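The values are calculated or read from the model by the stated rules, or taken from the named source; none is laboratory data. Everything numeric in this text was worked out from a predicted model, so none of it was measured. Cβ coordinates were reconstructed from backbone atoms using ideal geometry, including for glycine residues, and neighbour counts include every protein chain displayed.
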Amino acid sequence: MSFAIYSDFCDQGAEPKRWCALAARAGFEYLHWGHEFASSHIYTAKELRELGRFLNASALSVVDIHAAVQADGDWTSSDDVCRRKGVDLVCNALRMRDAWSATGAVVVHPVYRDSRKDTPGPVDQITAMYRSLDELLPQFERAGARLAMENLPGDTGEVMDETLRRYDTPVLGICFDSGHANMLASIGGFAQIERHANRLYATHLHDNDGVSDLHLPPFHGIMDWQRVVNIIRSSSYHEPLSFEFSLRNTPFHQAGISDFNLPEETIMEFLEDAYERCARVERLFLEQQQ
């Protein structure tokens, strides 16, 4: 067992080599790739080769890849043009996985019913998501890859439950976002993950105050890390623990300065501190194996 860091921990969306090189200097060996997550960028074969050479030279391995989603490219959109663009973005993530020999899943944001809203749920989007899954799952099966649906803030779990029943295949599973589950801890946020532990294919581990989606490194918030570890240990997950935190809400953030413009020594202090926090979670995991 080891652990991976979110590649875009300064939330810039660009310059992946810069941030990944700093992460490697801090001791991280694995990446959860999230660059261009909030864009409609399609990585070209040339870009993938260039980044692949960089990753190899930096002794960095990619675990999982977060498929991009954008307003005009959403694989769950009821607008078919937008949906098809979103499917293309997921397929691009699948090609990234193959090009970099990533070992984990491609992570996507599914449709969900929001406990914070008094609405029956996006029925048209659910239908669109199923259409996309009908197109995507055969491609993932041929590639020997897995697609993981992430639990999201406010997610009641109903749509995920139904989707996993509908597609009873090992190709489709879930991504355990600990921060999102913690925001719903009182109404079953963790239970949603525990129900599907046998199909847990990815993790997005981070901390918060139980209210806001802060994406903090471990032990900066109120997360019950023992429970998180127990869930993962009882699941089908066997990749390095993948963390999805950023610098922006930590003590290393400086008011009035974008995180990606901070002095390099400040960013390195953040990374070294975060590494030790991730190692504490790993030790919890390993202690239970003994």
Going through region 17-35 in order, the residues found to be closer than 22 Å to G86 by Cα and either surrounded by fewer than 22 Cβ atoms within 10 Å (Cβ to Cβ) or of a type in the set (A, V, I, L, M, F, W, C) (or both) are W33
Scanning for something under 25 Å from V171 (Cβ atoms), surrounded by fewer than 17 Cβ atoms within 10 Å (Cβ to Cβ) and of a type in the set (S, T, N, Q), does region 37-44 turn up at least one residue? no
Can you tell me which residue in region 214-228 is farthest from E287 (Cα to Cα), limited to those that are under 17 Å from the mean Cα position of the chain (by Cα) and among the hydrophobic types (A, V, I, L, M, F, W, C)? L214
Going by the structure shown, is E276 over 24 Å from I65 (Cα atoms) and out of contact with any Leu (no Cβ under 7 Å at 6 or more places or on another chain)? no
Any residue that is in a loop (DSSP other than H, G, I, E, B) and either of a type in the set (A, V, I, L, M) or at pLDDT below 95 (or both) - is there at least one of those in region 131-143? no
Conditions (1) on the phi > 0 side of the Ramachandran plot; (2) free of Cβ contacts under 8 Å to residues at least 12 places away in the same chain; number of the one not met by E47: (1)
Unmet requirement for L286, which otherwise passes all of (1) closer than 19 Å to S2 by Cα; (2) touching a strand residue (DSSP E or B) at 6+ places or on another chain (Cβ under 9 Å); (3) aliphatic (A, V, I, L, M): (2)
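So that you can scan it fast, the table gives a plain yes or no per residue for (1) in contact with a Cys (Cβ under 8 Å, 6 or more places away or on another chain); (2) farther than 28 Å from A102 by Cβ; (3) surrounded by 13 or more Cβ atoms within 10 Å (Cβ to Cβ); (4) modelled with pLDDT of 95 or more:
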{"site": "V228", "(1), (2), (3), (4)": "no, no, yes, yes"}
{"site": "E239", "(1), (2), (3), (4)": "no, no, yes, yes"}
{"site": "E244", "(1), (2), (3), (4)": "no, no, yes, yes"}
{"site": "H253", "(1), (2), (3), (4)": "no, yes, yes, yes"}
{"site": "P263", "(1), (2), (3), (4)": "no, yes, no, yes"}
{"site": "F270", "(1), (2), (3), (4)": "no, no, yes, yes"}
{"site": "D273", "(1), (2), (3), (4)": "no, no, yes, yes"}
{"site": "Q290", "(1), (2), (3), (4)": "no, yes, no, no"}
Taking helices (runs of 4 or more DSSP H) that do not extend beyond region 176-248, which have at least 3 residues that are closer than 20 Å to H109 by Cβ? 178-183, 189-195
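Residue by residue, here is whether (1) among the aromatic types (F, W, Y); (2) closer than 25 Å to Y237 by Cα; (3) surrounded by 18 or more Cβ atoms within 10 Å (Cβ to Cβ) holds:
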{"position": "D72", "(1), (2), (3)": "no, no, no"}
{"position": "C91", "(1), (2), (3)": "no, yes, yes"}
{"position": "V108", "(1), (2), (3)": "no, yes, yes"}
{"position": "S115", "(1), (2), (3)": "no, no, no"}
{"position": "L137", "(1), (2), (3)": "no, yes, no"}
{"position": "T156", "(1), (2), (3)": "no, yes, yes"}
{"position": "N182", "(1), (2), (3)": "no, yes, yes"}
Criterion (in contact (Cβ under 8 Å) with a residue 40 or more places away in the chain and farther than 25 Å from S61 by Cβ) met by exactly one of Y112, Y130: Y112
